[in-house]
Each structure stands twice: as C-alpha cells, then as structure tokens.
Protein chains: 2
Amino acid sequence: MKARLIGVGRSTLAEEARAEIERMITEGELTAGEKLNELELSVVMGVSRGTVREAIRSLAGSGLVDLIANRGAFVHETTLSEVQNLYELRGAIFAMACGAAARRYGQGDEPRLAEDLARNIEQMNAAREAEETPNYYILNIEFHDLLLAAANNPKAKAIYDNVKREMHLFRRRGLSIASNIARSLEEHRAIAEAVIAGDENASRDAANEHIRQGFDRYMATATRQRQADA
Amino acid sequence: MKARLIGVGRSTLAEEARAEIERMITEGELTAGEKLNELELSVVMGVSRGTVREAIRSLAGSGLVDLIANRGAFVHETTLSEVQNLYELRGAIFAMACGAAARRYGQGDEPRLAEDLARNIEQMNAAREAEETPNYYILNIEFHDLLLAAANNPKAKAIYDNVKREMHLFRRRGLSIASNIARSLEEHRAIAEAVIAGDENASRDAANEHIRQGFDRYMATATRQRQADA
DNA sequence: AATATGTAGATTGTTGACAAAATATCGAGA
DNA sequence: TCTCGATATTTTGTCAACAATCTACATATT
C-alpha cells in the first residue's frame with residue numbers, strides 16, 4: 001500500500017499567511033519601516049484579522065518585524081551599525097559550524113561532505129570563469145548550507161537563516177564584482193581544506209576570516225555606491 | 001514638571017501571559033514534553049483562550065515550546081545531543097561578544113568595562129573563598145552579561161539569553177564543585193585580561209576555551225551523577 | 001502663528017462562539 | 001483477550017464582534 005501523502009506540510013492558515021507576509025517583505029512589497037495593517041492584510045489575503053495577527057506575531061520572533069504595543073507592527077529597519085552586528089553574528093555561527101563540521105567529518109559522521117564541497121567549489125569556479133553571476137550566487141549559498149548542515153545543529157542553522165534573510169533585506173543591490181568573486185572563492189577553498197583536514201581551529205579561523213573579508217568587501221562596495229549616488 | 005510615570009512597562013495581556021507561562025516552564029511547574037492546554041491555561045490565568053494562544057505562539061520562537069499543527073504546543077524536551085549543540089552555540093556567541101568587547105574597549109567605547117570586570121572577578125574570588133555558592137552563581141552570570149553588554153549587539157544578546165535559559169532548563173542540578181569554581185575563575189581572568197588588552201583574537205580564543213571547558217566539566221559532572229544514581 | 005484641547009475615525013487588544021481536527025471511549029468481531 | 005472501527009468528547013483553528021487605545025483633524029486659546 002502506497003499513496004502520495006496529502007496534506008503533509010500543509011499547515012495552518014496562519015502559517016501560510018506568515019509565509020506570504022514574509023515574501024512581501026523579502027520581495028520589497030512591504031518596505032522597511034512600513035506599518036503592517038492587520039485589517040488591510042486580512043482583506044488582501046482573504047483570511048480573518050486574527051489569523052493575520054498570529055502570522056505577524058510569529059514573524060516578530062525572527063526579527064523581520066518590530067512590535068509596539070497598541071501601535072502595531074512595523075517592518076524592521078536595519079541600520080548600518082546593525083549590519084555590522086549581523087555580520088559578526090553570522091560569522092560567529094558560521095565559524096562554529098565549520099569547526100563542528102570539521103570535527104564530525106574527522107569522526108566519519110559526514111562521509112559525503114568532502115565530495116559535496118569539492119563539487120560545489122568546482123561548479124563555482126566554472127560559474128566564475130563563465131561569468132554566470134546568478135549561478136555563482138546560488139552556489140555560494142549552497143556552500144554555506146553544506147557546512148551548516150554538516151554541523152548538525154538545527155538551532156544554529158535556524159538562527160543563521162534568520163540572520164541571512166535580514167542581511168539580504170538590507171543589501172538589495174548585488175555585490176558581485178569579479179575580483180570579489182575570485183577572492184571569495186579562494187576563501188572557500190581554504191575553509192573546505194581545513195574542514196576536510198578535520199582541523200577544528202583552522203576551520204573556525206578560516207570561516208571567521210571569510211566573513212570578515214565579506215564584511216570589508218561589503219563596506220567597500222557600499223561606500224563606492226554611496227559615492228556614485230552622490 | 002515632574003511626575004511618576006504610570007503604565008510604563010505595563011504591556012498587553014498576552015505579554016503578561018507569556019511571562020507567566022515562561023515562569024511556569026523555567027520553574028518546573030510545566031515539565032519537559034508536557035502539553036500546554038490553551039483552555040486550561042486561560043482559565044487558570046483568567047484571560048481568554050486567544051490571549052493564551054498568542055502567548056504560546058510567541059514563546060515558540062524562543063525555542064521553549066514546540067508547536068505541532070492541530071495537535072498543540074509542548075514544552076520543549078532537550079536531548080543530550082542538543083545540549084552539546086547549545087554549548088557550542090553559546091560558545092560561538094560568547095566568543096564573538098568577547099572579541100567585539102575587546103575591540104570596543106580598545107577604541108574607548110566601553111570606558112567602564114575594565115573596572116566592572118575587575119570588581120566582578122574580585123567579588124567572585126571572595127565568594128569562592130567564603131564558599132558562597134549562590135553568590136558565585138549570580139556573579140558568574142553577571143560576568144558574562146558584562147561582556148555581552150560591552151559587545152553592543154542586542155540581537156546576539158537576545159539569542160544568548162534564549163540559549164542560556166534553555167540550557168538552564170536542562171541542568172536543574174547545580175554543577176558547583178569547588179575545584180570547578182577555581183578553574184572557572186581562572187578562565188574568567190584570562191578572558192578579562194585579553195579583552196582589556198584589546199586583543200580580539202585572544203579574547204575569542206579565551207572565551208571559546210572557557211565554554212569548551214565548561215562543557216567538559218558539565219559532562220564529567222553529569223556522568224558522575226548518573227553513576228551515583230545507578 | 002503657535003500651542004493646547006476636544007472630538008471623530010481608524011487600529012489594535014481581547015473575547016466568546018463556531019468549525020475542523022485529533023483524541024478518547026466503547027462495543028463488535030476474530 | 002486483542003484488534004479494528006464507529007462514535008463521543010476534547011482540543012485546536014478560525015472567525016466576527018466588542019472594548020480600549022491611538023491618530024488625525026478641527027477648533028479654541030494665548
């Protein structure tokens with residue numbers, strides 16, 4: 001007896017509403033600082049206000065929305081100093097994950113990690129040479145996700161994803177300059193090497209360095225763009 | 001013109017309900033794995049079910065309760081492998097915070113940090129010599145909070161607090177053996193020294209080491225207690 | 001003109017009721 | 001006795017209405 005499971009993952013209306021609001025925010029239909037009107041959203045989405053309210057509340061926990069009692073919910077505005085904090089937080093978690101991945105690989109708990117990382121880096125190199133920036137972007141995310149998965153720490157991964165999304169929200173503009181990609185790729189190689197060597201400390205350091213460099217690249221690009229705008 | 005502010009801090013009913021449920025969990029009135037009955041809680045607390053529901057939903061984001069659609073909310077059960085993950089996560093954030101604190105102190109952004117840390121360590125040493133374990137416990141928390149505060153990263157602090165609370169839930173039994181306290185104190189000294197020297201990398205390493213040692217001490221004590229139980 | 005006050009409208013906070021799903025109960029048949 | 005299945009009860013999901021609070025605008029006051 002076998003059948004396609006129906007309704008699996010189909011969850012509550014509130015969860016679907018949450019996903020929809022989340023999409024609206026990440027895709028820019030709702031901009032930073034904008035107020036979320038419960039009634040308006042409920043009409044647009046065709047559910048009751050209570051359901052929308054529940055969705056908004058659950059979003060607040062992820063940092064995408066700020067709640068003020070009796071005043072409502074607002075799309076979180078990320079300041080520049082917060083961006084630095086987000087980078088540091090992301091770096092801390094990523095470094096920890098790389099250390100854990102190295103340990104687990106060394107113990108034989110992640111047998112496929114080596115080939116997965118090698119394949120990813122190879123594809124990334126190909127994307128770089130072909131100057132296929134969108135592919136590079138996807139592969140870049142995959143690289144980090146591979147290591148997060150290998151760390152086998154779901155809560156850390158959840159936090160990492162939240163931080164990533166909030167950062168993504170801030171820097172809508174791509175930061176994909178050819179030289180940046182080349183350097184980033186080298187850093188990936190260094191991380192993968194340390195992890196596959198099973199060296200926890202080296203993995204952590206390489207990961208930390210990667211995020212730090214990423215922040216520097218971000219700041220440089222942001223400054224340049226700001227000058228270009230002026 | 002001056003008057004006492006009224007209604008400050010008084011928030012919504014749902015927030016108060018959340019705080020109350022949180023208390024019930026942390027104080028053990030609701031045990032791990034137990035189901036949270038919305039109606040029951042609403043009667044006990046004298047608010048409507050919807051309000052309780054909102055409180056429970058907001059707690060889910062902090063990891064204290066797990067939600068299952070159409071089945072309800074359950075107090076999160078922390079497994080042993082999760083404990084290790086929590087230690088690692090806490091270590092990552094604490095190490096990052098110590099690094100940031102070192103940088104900020106070096107830049108003159110946290111002028112009071114040096115004396116605060118020195119005072120804390122001195123009091124801790126006094127508590128150790130007097131064998132006042134409860135005081136030691138409070139001072140230990142304060143030490144970590146001082147550094148988290150100096151890092152000036154609110155989101156990191158929020159996550160740290162969540163993790164800390166979840167860990168606290170798991171290990172009800174104290175782990176305060178005299179020799180442990182002495183070693184822990186030495187590690188604190190090392191951290192403070194690195195931070196006040198403004199050395200980011202050394203601060204991170206010292207913090208990481210501290211949490212790692214803490215985990216080892218925890219495992220040793222837990223194993224010993226398990227043997228004693230058998 | 002600038003500031004305070006009052007009032008109407010809009011929005012959030014809270015509740016109770018109904019619908020849908022899950023769980024418990026109980027009996028029939030092997 | 002045990003398993004399966006129908007039924008009753010409990011519990012969650014969703015909604016609409018009411019109450020409390022905030023916001024915006026008009027009016028009055030200096």
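Values quoted throughout were computed directly from the atomic coordinates according to the rules given, and no laboratory measurement underlies them. No experiment lies behind these values; they were computed from the predicted model shown. Using ideal geometry, Cβ is built from the backbone for each residue, glycine included, and neighbour counts are taken over all protein chains shown.
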*Magnitude of the Cβ-charge dipole of chain B, K/R +1 and D/E -1, about the Cα centre, nearest 20 debye?*
480
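What FRET efficiency do you get for A:S48 and A:N180 if R0 is 45 Å and r is their Cβ-Cβ distance, rounded to the nearest 0.05?
The pair A:S48/A:N180 has a calculated efficiency of 0.45.
Name the helices (complete DSSP H segments) of chain B with a Cα length along the long axis of 15 Å or more and a Kyte-Doolittle mean of at least -0.5, or state none.
In chain B, the long hydrophobic H runs are B:13-26, B:49-60, B:80-106, B:133-151, B:178-196.
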*asked:* Inside 10 Å of the C-beta atoms of B:88-99, what's the mean count of C-beta atoms belonging to other chains?
replied: 6
*Can you list, shortest first and in nm, the gaps between the label point of B:N201 and those of its counterparts in the other copies, using a point 7 Å from Cα in the C-beta direction?*
1.1
*Restrict the search to segment B:126-227; then list the GluC sites (Glu not before Pro) that DSSP places in a loop and that have at most 12 other Cβ atoms within 10 Å of their Cβ.*
B:E131
*In square nanometres, what is the average projected area of the Cα convex hull of segment B:13-75?*
3.7
*asked:* From the alpha carbon gyration tensor of segment B:1-146, can you work out the equivalent ellipsoid semi-axes (sqrt of 5 times each eigenvalue) and give them in Å, largest to smallest?
replied: 36, 23, 17
*What do you get for Rg/Rh of the protein assembly as shown when both radii come from the Cα atoms and Rh is the Kirkwood radius?*
0.97
*asked:* Taking the number of other C-beta atoms within 10 Å as the exposure measure, put B:Y218, A:Y160 in order starting with the fewest.
replied: B:Y218, A:Y160
_Once each part is reduced to its C-alpha centroid, what is the distance from segment A:10-45 to segment B:79-99 in angstrom?_
33
*Charges only on Cβ, +1 for Lys and Arg, -1 for Asp and Glu: so what's the dipole of segment B:50-108 about the Cα centre, in debye to the nearest 20?*
280
*On average, how many beta carbons from a partner chain sit within 10 Å of the beta carbon of a residue in B:151-157?*
5
*Would you please give the residues with an amide H less than 5 Å from that of A:V47, counting only those at least 5 places away or on a separate chain, with H modeled from the backbone geometry?*
none
*Under the definition of Cα pairs under 8 Å and six or more residues apart, what whole-number percent is the relative contact order of chain B?*
23
*asked:* With equal scatterers on the alpha carbons only and no solvent term, can you work out the Debye log10 of I(q)/I(0) for segment A:105-199 at 0.13, 0.21 1/Å?
replied: -0.49, -1.15
